[in-house]
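Peer 1: If you scroll down you'll find the structure; I have some questions about it.
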Amino acid sequence: METYIINSEALQVTHLEFLIRLLIATGIGFIIGFEREHHALTKGEEAFAGIRTFIFLSLLGFVGAAMHFLISPWVLVCMLFAVILLTGISYWITANKGDIGATSELSGILTVLLGGLTFVGYLEISLVVAVLMVVLLSSKLKMQAVVGAVSKEEMYDFIRFVVVALMIFPFLPNTTYGPLDVFNPREIGWVVILTSGLGLIGFVLMRIFGAHKGILFTGLIGGLISSTAVTWVFSKKSKEQPALSMYCATAIFAASSVMIVRVFIWVLIFNQQLLRGLSVSLSLVFLAAIGITIWCYLKSRKHQKIETELPHGRPLNLTAALVFGLLYVVILFVVAYANSVFGEKGIFIVSALAGVSDVDAITISVSKLSQNGILAGTAQNAILIATISNTLIKLGIVVWAGGPGIRKQVCIGYGVIFVAALVGFLIMNV
């Protein structure tokens, strides 16, 4: 029979659980203290606290939480008050010396709280927060470099994104209007924010890591922003420098692979039920695309290296965002109208035409309409048709704008992807 160190209605802790949690609390203090001491030694500065001190801070929170249950809740309160007081005195001393940063001091207080959380059993929360702290603490120079590289216009764009997401979107009416009862301002706003946010993520990652991290990385992150843009940029690059054709093909297929991931994301968000029929077909297309990407990447490593910057654009261009919202509304209405007048054949034609420019809008549109307007099978086929259509358009871009060296590689690669899509289409309709 297990014996308990603490056995109350609020908390039960066995000897083994106590030991495990004690070790985790010690580890949390160690990794945070290790980062802080390494930072101080690297900078040649006097550390607010090192490895041992942060371990003690974590254990102080751990013991304080134990005493909360064993003796009195006031013990933990007094410990926290003492830590905050000592931290405040330390900050006052260092601030008088000209160092007004409070990162280490706040880290110390948070470490005490993490030690307390560990004792009461919230191990996952403690570990996640500790890892996040270490990542943020160690990325100071990188974050400063990124912030310093952000232009005033980009900063204003980011602020506009926050304003749109937090101050405008929540107040949009969640009611359908207009003909065919398909226009919902809240849903339209949600679509604009999601698609803009995905582009923003790609923009931030490109800013942080840069295209110089590698052609494969450039294609993958560029695919979050626009796989068509990646195709256009590297098609032209292959004509300017034919020796780099394999590198360019790698970036193009990497971006196309991410496009399939985007389709998965939109279907998952807007109508998860469609994934049952689409998962096999889209997985075949994705595996074909990622397989071709890896093949091109391995072949490209035998050639000279390439560093090509993608046109970043702006993190949030409100005009472009509104245009996408308008495109989504138009496609939503056209698909609903085509379904009511021409049936599923009309939807397939609209999907093929919509895929010429973009897969996001048509994917989201049919995903939403399949909830109460069109059949699930029709929506699944429409999404796959739009994906194939967009793939063929990018093939056309490469054939038209790319050099002779890349055309052969891309035709082979997209041929494999096209066959995979046809197989997926047959499987889905058997």
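Peer 1: Considering only the range 238-247, state which residues are open to solvent by 40 Å² or more (accessible area, probe 1.4 Å) and either of a type outside the set (A, V, I, L, M, F, W, C) or within 28 Å of the chain's Cα centre (by Cα) (or both). Before the answer, list the steps.
Peer 2: Residues of the range 238-247 that are open to solvent by 40 Å² or more (accessible area, probe 1.4 Å), as a first pass: 239-243.
Scanning the range 238-247 gives 239, 240, 241, 242.
Residue-by-condition table, conditions (1) farther than 24 Å from residue 361 by Cα; (2) crowded, with 24+ Cβ neighbours inside 10 Å; (3) hydrophobic (A, V, I, L, M, F, W, C):
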residue	(1), (2), (3)
379	no, yes, yes
382	no, yes, yes
386	no, yes, yes
390	no, yes, no
400	yes, no, yes
410	yes, yes, yes
416	yes, no, yes
425	no, no, yes
428	no, no, yes
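Peer 1: Residues of the range 354-377 being open to solvent by less than 20 Å² (accessible area, probe 1.4 Å), at pLDDT below 80 and not in a helix (DSSP H, G or I), which ones?
Peer 2: 355, 374
Peer 1: Could I ask something else about it? Would you check if residue 331 is over 22 Å from the mean Cα position of the chain (by Cα), within 24 Å of residue 259 (Cβ to Cβ) and either modelled with pLDDT of 75 or more or aromatic (Phe, Trp, Tyr) (or both)?
Peer 2: So residue 331 fails the test.
Peer 1: Within the range 110-132, can one find any residue that is on the phi < 0 side of the Ramachandran plot, in contact with a Ser or Thr (Cβ under 7 Å, 6 or more places away or on another chain), surrounded by 11 or more Cβ atoms within 10 Å (Cβ to Cβ) and at pLDDT below 85?
Peer 2: Scanning the range 110-132, I find no residue that is on the phi < 0 side of the Ramachandran plot, in contact with a Ser or Thr (Cβ under 7 Å, 6 or more places away or on another chain), surrounded by 11 or more Cβ atoms within 10 Å (Cβ to Cβ) and at pLDDT below 85, so the answer is no.
Peer 1: Could you look through the range 268-287, keep only residues that are open to solvent by 10 Å² or more (accessible area, probe 1.4 Å) and under 11 Å from residue 424 (Cβ atoms), and pick out the one that is farthest from the chain's Cα centre (by Cα)?
Peer 2: Going through the range 268-287, the residues open to solvent by 10 Å² or more (accessible area, probe 1.4 Å) turn out to be 268-273, 275-277, 279-280, 283-284, 286-287.
Subsequent filtering for residues that are under 11 Å from residue 424 (Cβ atoms) retains 277, 279-280, 283-284, 286-287.
Values: 277: 25, 279: 21, 280: 23, 283: 20, 284: 23, 286: 18, 287: 21 Å.
This residue is 277.
Peer 1: Identify the single condition in (1) at pLDDT 75 or above; (2) surrounded by fewer than 15 Cβ atoms within 10 Å (Cβ to Cβ) that residue 351 does not satisfy, given that it satisfies every other one.
Peer 2: (2)
Peer 1: Is it true that residue 265 is within 22 Å of the chain's Cα centre (by Cα) and surrounded by fewer than 24 Cβ atoms within 10 Å (Cβ to Cβ)?
Peer 2: yes
Peer 1: Here's something else I'd like to know. Does the range 222-237 hold any residues that are more than 18 Å from residue 359 (Cβ to Cβ) and open to solvent by 10 Å² or more (accessible area, probe 1.4 Å), and which are they?
Peer 2: Keep residues of the range 222-237 that are more than 18 Å from residue 359 (Cβ to Cβ), which gives 233-237.
233, 236, 237, listed by residue number.
Peer 1: Still on this structure, please answer the following. Going residue by residue through the range 331-340, is there one that turns out to be within 28 Å of residue 237 (Cβ to Cβ), in a helix (DSSP H, G or I) and open to solvent by 60 Å² or more (accessible area, probe 1.4 Å)?
Peer 2: No.
Peer 1: I want to confirm something. Restricting to the range 140-183 and keeping residues that are at pLDDT below 75 and charged (D, E, K, R), which single residue is most open to solvent (accessible area, probe 1.4 Å)?
Peer 2: Ranking the qualifying residues of the range 140-183, first place goes to 152.
Peer 1: Does the range 414-421 contain at least one residue that is out of contact with any Gly (no Cβ under 9 Å at 6 or more places or on another chain) and over 23 Å from residue 275 (Cβ atoms)?
Peer 2: Among the residues of the range 414-421, at least one is out of contact with any Gly (no Cβ under 9 Å at 6 or more places or on another chain) and over 23 Å from residue 275 (Cβ atoms), which makes the answer yes.
Peer 1: Take the conditions more than 30 Å from residue 243 (Cβ to Cβ), open to solvent by less than 70 Å² (accessible area, probe 1.4 Å) and either in contact with a strand residue (DSSP E or B) (Cβ under 7 Å, 6 or more places away or on another chain) or part of a helix (DSSP H, G or I) (or both) and apply them to residue 406. Does it pass?
Peer 2: Values: more than 30 Å from residue 243 (Cβ to Cβ): no; open to solvent by less than 70 Å² (accessible area, probe 1.4 Å): yes; either in contact with a strand residue (DSSP E or B) (Cβ under 7 Å, 6 or more places away or on another chain) or part of a helix (DSSP H, G or I) (or both): yes.
Judged against the criteria, residue 406 is not a match.
The values are calculated or read from the model by the stated rules, or taken from the named source; none is laboratory data. Source: prediction; values computed, not measured. All Cβ positions, glycine included, derive from the backbone under ideal geometry; neighbour counts span all protein chains shown. Note: areas computed on protein heavy atoms with side chains; ligands, DNA, RNA excluded. Shrake-Rupley method; radii C 1.70, N 1.55, O 1.52, S 1.80 Å.
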